[in-house]
Structures are given as C-alpha cells and as structure tokens.
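To start, the structure under review is shown below, and the notes come after it.
The values are calculated or read from the model by the stated rules, or taken from the named source; none is laboratory data. The model shown is predicted, which means the values in this text are computed figures rather than measured ones. Quick reminder, even Gly has a Cβ in these numbers, built from the backbone with ideal geometry, and neighbours come from all protein chains shown.
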Amino acid sequence: MNAEELIGSGSLEAYVMGQLHGEEAALVERLRSSDARVRAEIEAIELALEQAAMAAAVVPPQSLKEAVLARVTQPDPRLGRIGPVAPVGRAAEVASYWRWLAAASVAALIGSAYFNYRMMGELREVRQQLVRMEDERSVLAQELQVQRTALYEANDQLAVVLAPASRTVELSGTANAPQAKARVYWDESSRSVHLAVAELPSAPAGKQYQLWALLDGKPIDAGVFDATGRVLWSMKEVNGAQAFAVTIEDAGGSPTPTLETMVLMGQV
Amino acid sequence: MTATFEPMPRDPFELLRSVAAGDQQALADLYDAFSAALYGVVLRMVEKEEVAQEVLQDIFVKVWRNAEGYDPDKGRPFTWLVNIARNTAIDALRSAGMRNAGSIRPFDQHVYRLGEDTLNTDLAARDVRAVVGRLRNEHRELIEMAYFQGYSQQDIAERTGLPLGTVKSRTRAALLDLREQLKDHS
C-alpha cells in the first residue's frame, strides 16, 4: 500500500482514533515517518478531532486537580515512578498495585488485630480493677455504717450512764468468781437497763451470762450477755427490783436461774 | 489553522517532556490545558460524574507515570492523552460490568451527543460545537462512536449493520466533513 492509498483508505482516521492495532498500526507508523503527506494528513486529522474535543470539553470540579496533584505527590508506593511503561505493561502495573494493596491490607489487618488484642487485654484489666474498687467501696461503706451505728450507740449509752434518773448498781463476784465485777445502770422512769462488764471470765462453750432482776424474792429475766464484745449491754426493761444477779445459763437464756452458777450479785 | 482557543501557556510537547522528568508544575499545567477536553470525552463514555471524576484522576496519574513513554513521532500530545483517557474509561466501564468487548449500546441512548449538548458553555467552544452540529448525522454519529465513545470499528460495524470497509471509508468521509466545516469556520 502506498501513501496515496493509505490516505484514502480511512486507516489514518482509525489510527488517530485509537482503532488500529498490530500490523495495520505498524504500517501507518512506517509510512508516517517516511512520507510527508501521510504525516501532514495525520496531523490534520488530529487537529480536527482535537478541536472537536475542545468544543465538547466539560470543566471538571476544581477539587479534582488537587486530588490528582495529591496523588502524584504522596509518597505512595503504587504511585512510584517506574519508568516508561508500554501499553502492554498495564497488567503488570495493575498486578503490582493489587500486590501492594494486598500486602498493605494484611499489614493493616495484623496491626489492627494486635491493637485489638492489646485493647482487649487493657479493657479486661480495667474491668477487673473496677470490680475490685467496687468491692472495696462496698466494704468501706459497710464499715462506715458499722462505725456510725457504734457511735450512735455509744452516745446513747453515754446518755444512759449520765442520765440524772439513772441508778447505778454495783455487782460483785460471788464465791464462783471472786474477781468478777460489773455495773448495772437502771433508769426507773424509762425502765431501761444497761450493764457494763468490768471483770468477768468468758462463759464456758455453749453458755451465756444471764441477768436477773430480783423483786420480792422472785427472779425476773433481764436478758443475756457475754463477758466480752461490748462495753455496755442493753438489757430488757425492768419495772422494779431490789437486787440484780447474774448466772451462767445455756446460750440464749433460761426461764429460771440456776442458782448454783451465780457469779455476780448486787443490791439496789 | 484556527485561533478559536487561547494559546497554551506552554507547548504541550515541552510540558510532557517536563512531566516525564518529574516536574509536578508541568503536570498541573498539562491538567489546566487538557483536563476539560479529556473530562468531556470521559463523561461521554462513562456518563456518571463520580465515575468520570475517578477516571480523570487515574488518567493524570497514568500520564505522570508514563510520560516517558510518549513518542512525539507517533502523534500529537492530545492524541496520546485522549487514547489514555479512552482506555482508562473503557477499563472503568468493564470493571463496573457496564461494557463488554463487542457490546454496544444503541446510539440514541447516549446522554451526551456532540453538537447538541450544553455541557460546555464557553463561547469559543460553542462556535465549534455549532460546526460539529452542522455535520451530517451519520458523520457526527461515527465520530462520536469512534472518538468520543471509544468503540472499535468492529463494534460500529455491528451497531450500524455496515460492512467493516464501509465503516472505514465513512469515518474518513466524516473526518473530511469535519475538517471542511472547521476550515470554513475559521
């Protein structure tokens, strides 16, 4: 095919529009470099299409230019300049991009997994710490309640002891417990009875001390108490008494006193 | 041939050489000079703006990477650019399952038609658009399908029912028509 024939064939138009490949394109390129008419014809076709394209131009959003420039300035491995790339190099270029993407994804996944692992560990620790602190807080709150109750009680007891109407009855040890000593505070107007142990051995296992009010020779139960644990025991109300006595009874108390176990006695 | 357009601030040949040497300002200048023309082509091919914007970015990244591969002996810079644009747009359409080799949509379903659309409001461009609009319908359609839609001669032959040889000769006739109209215009 000579230059004239080539120009008239329509191959040059197809060449410029990217429709020619392989042998046909090679033929055009050969004649283009050897024949000035072919060169001029191609240039004229290019210019006409270029003008048509300019006339059909659409201005893209301004942000696109910044995006393009950002992509080429980023130190991004897939944008690295890799020298001239022939059209057939596209597949390799895409493959290397996907390889890079895959590697980056795996790295990100590993990083994310490690981060999650670390965060889970820390979260677990923080949760445990929170539970521990909640326990401590609860213990402290209970302790505070106990202390508060004790304080109220102590105030009440102090009030009892210091009350003007309160009568103090000294109890002394009997032959069963010569060293024993205790004191009963009896408020006749409110009938309340309190007992302070000064000296008293612990009761045998399964046994408790029991206070009795003696009125006209009859013992009246005034409640049980222990040798230790409290400064002042709050006992049952007593309407009237000429004396108070303490015996050792089964734990929880007994309806009638066991006189053989009497350890304390005192006259009002 | 025509003074329809503003002269380029720098010769596009020189711009491509600078881009090949890693000059980012040259890439920015090249973008300013040709992004709208390329975007027009891409938009006509993919029709969705968000896709077209992605494609346009990819085009200029490819230009940045492959500028060394530009051979002035094989054509003008814009011809090289528009070939990259066309191939990138076709790749995007294929990967979106919107276009398969050999398949072609009916011509009248295209959204943007040369010489009729109002995408470009630039006055000088409007003059050339009027010129394109004066082309015979079959010529305009051939240029549109081949140059702006990127269809192969085989695709066009199937679409139009014309023999391959006729597609070729009619495309030449269409280009001669366009060149004649542009000559009269200037």
Within the range B:43-57, restricting to residues that are more than 9 Å from chain A (Cβ to nearest Cβ) and part of a helix (DSSP H, G or I), the one that is nearest to residue A:39 (Cα to Cα) is B:45
Note to self: Suppose the filter is small (Gly, Ala, Ser), surrounded by 23 or more Cβ atoms within 10 Å (Cβ to Cβ) and modelled with pLDDT of 90 or more; does residue B:21 pass it?
What the structure shows: no
Scanning the range B:133-171 residue by residue, the ones that are surrounded by 17 or more Cβ atoms within 10 Å (Cβ to Cβ) and among the polar types (S, T, N, Q) total 5
The one condition residue B:183 fails out of (1) within 24 Å of residue A:43 (Cβ to Cβ); (2) more than 10 Å from every other protein chain (Cβ to nearest Cβ) is (2)
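Residue-wise test of (1) in a strand (DSSP E or B); (2) in contact (Cβ under 8 Å) with a residue 12 or more places away in the chain; (3) surrounded by 15 or more Cβ atoms within 10 Å (Cβ to Cβ).
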| site | (1), (2), (3) |
| --- | --- |
| A:189 | no, yes, no |
| A:197 | yes, yes, yes |
| A:238 | no, yes, yes |
| A:248 | yes, yes, yes |
| A:266 | yes, yes, yes |
Over the range B:145-170, the set of residues closer than 21 Å to residue B:78 by Cβ and either assigned to a helix (DSSP H, G or I) or in contact (Cβ under 8 Å) with a residue 60 or more places away in the chain (or both) is B:145, B:146, B:147, B:148, B:149, B:150
Of the candidates B:129, B:86, the one satisfying the condition of being modelled with pLDDT under 70, surrounded by 20 or more Cβ atoms within 10 Å (Cβ to Cβ) and within 19 Å of the chain's Cα centre (by Cα) is B:129
